[in-house]
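Chemist: For reference, the structure I am asking about is given below.
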Amino acid sequence: MASEIKNLQRKLKAGADFFLTQPIYRAEDGEGFLAKNELKHGALNRPVLVGILPLVSAKHANFLNHEVPGISIPEEAIARMEAAGEDAAKVGVELAVELIEKVKPWAQGIYIMPQFHRFDLVAEIVERVRA
């Protein structure tokens, strides 16, 4: 985390107007990062847009969790995806909506990264968050 805070400060000094996170699956990770940065450097006075990458299957969740550096998916989320079977994409939407609700207190926005051309899932997430 220390190197990430150092990178954040370097980007601020270079004139960054906003920040985009990598995909996250735990709201507390981003909130904790911002809190640690604030303790050392003061409040971040730039918008943070959180990356949301909806899960589409248990296989997808396990691949991201085990094979993609920097991505950590909670065991509870993986268990929900595995239990969902054929309905895993629906659970992926539910998880994304829950995560978006949790990041609202500290994020200034989100961006959604559709996987496998599943733009229908993005539309469903947007509709549910707006409701």
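Coordinate-derived values only; no laboratory data. Worth saying up front: this structure is predicted, and the values here are computed from it rather than measured. Glycine gets a Cβ as well: all are built from the backbone with ideal geometry, and neighbour counts include every protein chain shown.
Chemist: Among the residues of the stretch 84-106, count how many are over 21 Å from F116 (Cβ atoms) and not charged (D, E, K, R).
Modeler: 3
Chemist: If you check every pair at least six apart or on different chains, which have Cβ atoms under 7 Å apart with a residue in the stretch 120-131 that is over 14 Å from L99 (Cβ atoms) first and a residue that is assigned to a helix (DSSP H, G or I) second?
Modeler: Pairs that qualify, where the first residue is over 14 Å from L99 (Cβ atoms) and the partner is assigned to a helix (DSSP H, G or I), are E124/V93.
Chemist: Please go through the stretch 1-21 and pick out each residue that is surrounded by 15 or more Cβ atoms within 10 Å (Cβ to Cβ) and either acidic (D, E) or within 26 Å of A96 (Cα to Cα) (or both).
Modeler: I5, L8, F19, T21
Chemist: Where residues in the stretch 20-44 are outside any helix (DSSP H, G or I) and out of contact with any helix residue (DSSP H, G or I) (no Cβ under 9 Å at 6 or more places or on another chain), which of them is nearest to E75 (Cα to Cα)? Talk me through it step by step, then tell me what you get.
Modeler: Of the residues in the stretch 20-44, the ones outside any helix (DSSP H, G or I) are 20-26, 42-44.
Remaining after also requiring out of contact with any helix residue (DSSP H, G or I) (no Cβ under 9 Å at 6 or more places or on another chain): 20, 22, 42.
Values: L20: 25, Q22: 19, G42: 33 Å.
Out of the qualifying residues, it is Q22.
Chemist: Sticking with this structure for a sec: Limited to the stretch 10-67, what total is found for residues that are more than 15 Å from A107 (Cα to Cα) and among the polar types (S, T, N, Q)? Write out each step before concluding.
Modeler: Narrowing the stretch 10-67 to residues more than 15 Å from A107 (Cα to Cα): 10-16, 36, 39-42, 53-67.
In the following step, the residues that additionally are among the polar types (S, T, N, Q) were identified as 57, 62, 65.
Within the stretch 10-67, residues that are more than 15 Å from A107 (Cα to Cα) and among the polar types (S, T, N, Q) number 3.
Chemist: Just for the stretch 47-77: of the residues that are over 24 Å from M1 (Cα atoms) and hydrophobic (A, V, I, L, M, F, W, C), which one is surrounded by the most Cβ atoms within 10 Å (Cβ to Cβ)? Before the answer, list the steps.
Modeler: Looking only at the stretch 47-77, we keep the residues that are over 24 Å from M1 (Cα atoms), and these are 54-60.
Narrowing further to those that are hydrophobic (A, V, I, L, M, F, W, C): 55-56, 58.
On the way: L55: 30, V56: 20, A58: 19.
For the stretch 47-77, the residue satisfying everything is L55.
Chemist: Sticking with this one: I'd like to verify a number: residues in the stretch 65-74 that are closer than 19 Å to E98 by Cα and not β-branched (V, I, T), how many? Spell out how you get there, then give the answer.
Modeler: As a first pass, look at the stretch 65-74 and keep what is closer than 19 Å to E98 by Cα: 65, 71-74.
Checking which are not β-branched (V, I, T) leaves us with 65, 72, 74.
Residues flagged as closer than 19 Å to E98 by Cα and not β-branched (V, I, T) within the stretch 65-74 amount to 3.
Chemist: Looking only at the stretch 45-56, filter to residues that are of a type outside the set (V, I, T) and touching a residue at least 12 places away in the same chain (Cβ under 8 Å); which one of those is nearest to E75 (Cα to Cα)?
Modeler: Of everything passing the filter in the stretch 45-56, L55 is nearest to E75 (Cα to Cα).
Chemist: Filter the stretch 45-71 for residues that are charged (D, E, K, R) and outside any helix (DSSP H, G or I) and give the result. Show your work before the answer.
Modeler: The initial filter retains those residues of the stretch 45-71 that are charged (D, E, K, R), namely 46, 59, 67.
Passing the criteria: only R46.
Chemist: Same structure again: Quick one: count up the residues across the stretch 111-130 that are among the hydrophobic types (A, V, I, L, M, F, W, C) and not in a helix (DSSP H, G or I). Please lay out each step first, then the result.
Modeler: Let us first name the residues in the stretch 111-130 that are among the hydrophobic types (A, V, I, L, M, F, W, C), namely 112-113, 116, 119, 121-123, 125-126, 129.
Subset that is not in a helix (DSSP H, G or I): 112-113, 116.
Selection size over the stretch 111-130: 3.
Chemist: Please name all residue pairs, on different chains or six or more residues apart, with Cβ atoms under 7 Å, provided the first residue is in the stretch 11-31 and is closer than 30 Å to G92 by Cβ and the second residue is in a strand (DSSP E or B) and not aliphatic (A, V, I, L, M).
Modeler: L20/G51; L20/Y111; T21/G51; Q22/G51; P23/G51; I24/G51; G30/T21
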